[in-house]
């Protein structure tokens, strides 16, 4: 039998923040202050940051080849200006490691924005319309983004029905392709059919992935840039069109199961929302994105 696992498409610094905070829940602030210099929390963070640096280095090398170094620096400055919340003060990690986690979180968000083609100029044009892609990227990396934030970062946010799931190894780090029939479009200029790649394949099935034989209608936020970023993070090669653009999408954030005019998050803590409300709340965002292109 295939083993069910969970793997995030975008591995984030929020994991270490959560780990450090969770491990310290059993300690009082006084106990945390008296812990050894190299606590379990500290060791977990050090290991996490070492692995994270390798992933970020792969992304950085790819982005540098695309001439994005200057854009990355500008986005780092803009993101640091958000005054992000620091890790829990009673976590038993040093201020140095706490700061390193913060910088890793920022770097994840900056690299995500660049893979999504959110360059500084586009970010600032969106900000001028009242949108905040910087905070959206931070929240996505932390795993706390809303449907609106996911739609802001996406190429397409659509209501779509599952047409098929094909298990196939294309050398991109993913294991299967899902084909969708678009029922309604909220964000993006989309064709009738869209395809995204997901992790589950012939060797392993990941929790929450769509499986062969599954049916249903969902609200999906999809991104070519996230597919590109995820493949690069794994040291794999994304499938590209002749134009150089990634061939496939990846699901950006939570999908929402749609039934009887209501969309319910497939996982997480989001609220059930009428499809008519989604159309209303995403319409201004769609207009802002078009004006910022």
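The values are calculated or read from the model by the stated rules, or taken from the named source; none is laboratory data. Note that the structure is a prediction, hence the values are computed from the model and not measured. Virtual Cβ from ideal backbone geometry, glycine too; neighbours counted across all protein chains shown.
Data overview
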read-out	value
Selected residue [more than 14 Å from the chain's Cα centre (by Cα) and either surrounded by fewer than 19 Cβ atoms within 10 Å (Cβ to Cβ) or not in a strand (DSSP E or B) (or both)] from 228, 214	214
Subset of the stretch 231-254 [part of a strand (DSSP E or B), closer than 14 Å to residue 155 by Cβ and free of Cβ contacts under 8 Å to residues at least 24 places away in the same chain]	246
Residue that is farthest from residue 229 (Cα to Cα), among those in the stretch 256-281 that are at pLDDT 95 or above and assigned to a loop (DSSP other than H, G, I, E, B)	260
Residue that is modelled with pLDDT of 95 or more, buried (at least 17 other Cβ atoms within 10 Å of the Cβ) and assigned to a helix (DSSP H, G or I), where the choices are 159, 101, 152, 105	152
Residue 91 being crowded, with 24+ Cβ neighbours inside 10 Å, modelled with pLDDT under 95 and in contact with a helix residue (DSSP H, G or I) (Cβ under 6 Å, 6 or more places away or on another chain)	yes
Qualifying residue in the stretch 134-143 (condition: free of Cβ contacts under 8 Å to residues at least 60 places away in the same chain and under 15 Å from residue 71 (Cα atoms))	yes
Tally, over the stretch 169-202, of residues that are in contact (Cβ under 8 Å) with a residue 12 or more places away in the chain and not in a strand (DSSP E or B)	13
Members of the stretch 117-147 that are more than 18 Å from residue 287 (Cα to Cα) and either crowded, with 22+ Cβ neighbours inside 10 Å or touching a strand residue (DSSP E or B) at 6+ places or on another chain (Cβ under 7 Å) (or both)	134, 137, 138, 140, 141, 145
